[in-house]
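The values are calculated or read from the model by the stated rules, or taken from the named source; none is laboratory data. Bear in mind the structure is a predicted one, so any value in this text is a computation, not a measurement. Every residue, glycine as well, gets a Cβ built from its backbone with ideal geometry; the counts of neighbours run over all protein chains shown. Note: areas computed on protein heavy atoms with side chains; ligands, DNA, RNA excluded. Shrake-Rupley method; radii C 1.70, N 1.55, O 1.52, S 1.80 Å.
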Amino acid sequence: MSPAGTGWAPPELPPGARLLVGPDEIQRTVDRLGQELRATYTDGELTLVVVLQGALVFAADLLRRLTLPVRLETVNARSYVGAARSPGALQLALADLGAIEGRHVLVVDDILDTGRTLAALLAALQLRRPASLRSIVLLDKPARRQVALRADFTGMTVPDAFVVGYGLDHDGLHRNLPCLAALAADEGAAAAPAREAPSRPGQPPQSQGAMGAGRRTNNRQPS
Ligand code: IMP
Ligand code: MG
């Protein structure tokens, strides 16, 4: 995976983490998603609303697969847990979002977990009367869903696990891994109280992109 002759190597996996999806498979998945988007959006413009920070890497790759005129907007979404705020309170920062009324809007997120973030964001965006509103996620973790919701486009379905790399973080780190990795189960177990839903760390991998770990340890959850 190290680019030959360039004198550097990508970062190593965190201790105990397990490689789940390599860079080539990620790119094949993004290729396929690009195809699906090109087949869906055949004319006019498309506005991507990227959920920071986790979806940044995915969105950067995805938008270069699109041939339509594309606009790029970002939103911040965080769930706060612990003492500072009520458990799981979600904060959406939409103040800087450009006008989307009458536009075809595609929300881009890294992973659909409980579904609370995407559900709240779609509801807030719908109030701004876009011409159409769809969502795309690289990863879907249906085991932890609290809100009945599916993204319109999904890259890979994964079992309950805590995933880092390719933009996804744990405690703000590991976003620069070129692959997707499952954190070690003990990291996940330590992080379990930070979320409302009980975690089930350490599940074995099940399918393509399978992962096994738990939850993040920080009480402020970057997107
Ligand atoms: P939801 O509201 O529970 O669906 O939360 C989705 C957000 O939680 C994602 O956009 C990520 O920021 C974060 N998240 C959920 N699961 C993971 C994970 O396994 N790794 C990294 N971030 C995650
Ligand atoms: Mg996020």
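Criterion applied to Ala99, Ala143 was being in a loop (DSSP other than H, G, I, E, B), open to solvent by 40 Å² or more (accessible area, probe 1.4 Å) and either at pLDDT below 95 or out of contact with any Phe, Trp or Tyr (no Cβ under 6 Å at 6 or more places or on another chain) (or both), and the one residue passing it is Ala99. Report whether or not Ala143 is within 13 Å of ligand 2 (Cβ to nearest atom) and more than 18 Å from Asn76 (Cβ to Cβ). Criteria not met by Ala143. Within region 23-30, is there a residue that is modelled with pLDDT of 95 or more, assigned to a strand (DSSP E or B) and either away from ligand 1 (no atom under 16 Å from the Cβ) or in contact with a Leu (Cβ under 9 Å, 6 or more places away or on another chain) (or both)? Checked against the condition, which is being modelled with pLDDT of 95 or more, assigned to a strand (DSSP E or B) and either away from ligand 1 (no atom under 16 Å from the Cβ) or in contact with a Leu (Cβ under 9 Å, 6 or more places away or on another chain) (or both), region 23-30 yields no hits at all.
Restricting to region 15-67, and then to whatever is of a type in the set (Gly, Ala, Ser), within 16 Å of ligand 2 (Cβ to nearest atom) and within 21 Å of Leu133 (Cβ to Cβ), can you tell me which residue is farthest from the chain's Cα centre (by Cα)? Looking at residues that are of a type in the set (Gly, Ala, Ser), within 16 Å of ligand 2 (Cβ to nearest atom) and within 21 Å of Leu133 (Cβ to Cβ), I get Ala59.
Taking Asp169, is it at pLDDT 95 or above, closer than 18 Å to Ala55 by Cβ and open to solvent by less than 10 Å² (accessible area, probe 1.4 Å)? Yes: the conditions hold for Asp169. Once region 146-180 is narrowed to residues that are of a type in the set (A, V, I, L, M) and within 20 Å of Ala123 (Cβ to Cβ), the residue that is farthest from ligand 2 (Cβ to nearest atom) is Ala148.
Taken over region 47-74, the criterion of being surrounded by fewer than 19 Cβ atoms within 10 Å (Cβ to Cβ), away from ligand 1 (no atom under 13 Å from the Cβ), of a type in the set (A, V, I, L, M, F, W, C) and outside any helix (DSSP H, G or I) is satisfied by Leu66, Leu68, Val70, Leu72.
Residues that are on the phi < 0 side of the Ramachandran plot and in contact with a His (Cβ under 8 Å, 6 or more places away or on another chain) were ranked within region 18-46; the one that is surrounded by the most Cβ atoms within 10 Å (Cβ to Cβ) is Leu46.
Checking the structure you have, find out if any residue of region 112-133 is within 10 Å of ligand 1 (Cβ to nearest atom), in a strand (DSSP E or B), under 12 Å from Val51 (Cβ atoms) and modelled with pLDDT of 95 or more. Among the residues of region 112-133, at least one is within 10 Å of ligand 1 (Cβ to nearest atom), in a strand (DSSP E or B), under 12 Å from Val51 (Cβ atoms) and modelled with pLDDT of 95 or more, which makes the answer yes.
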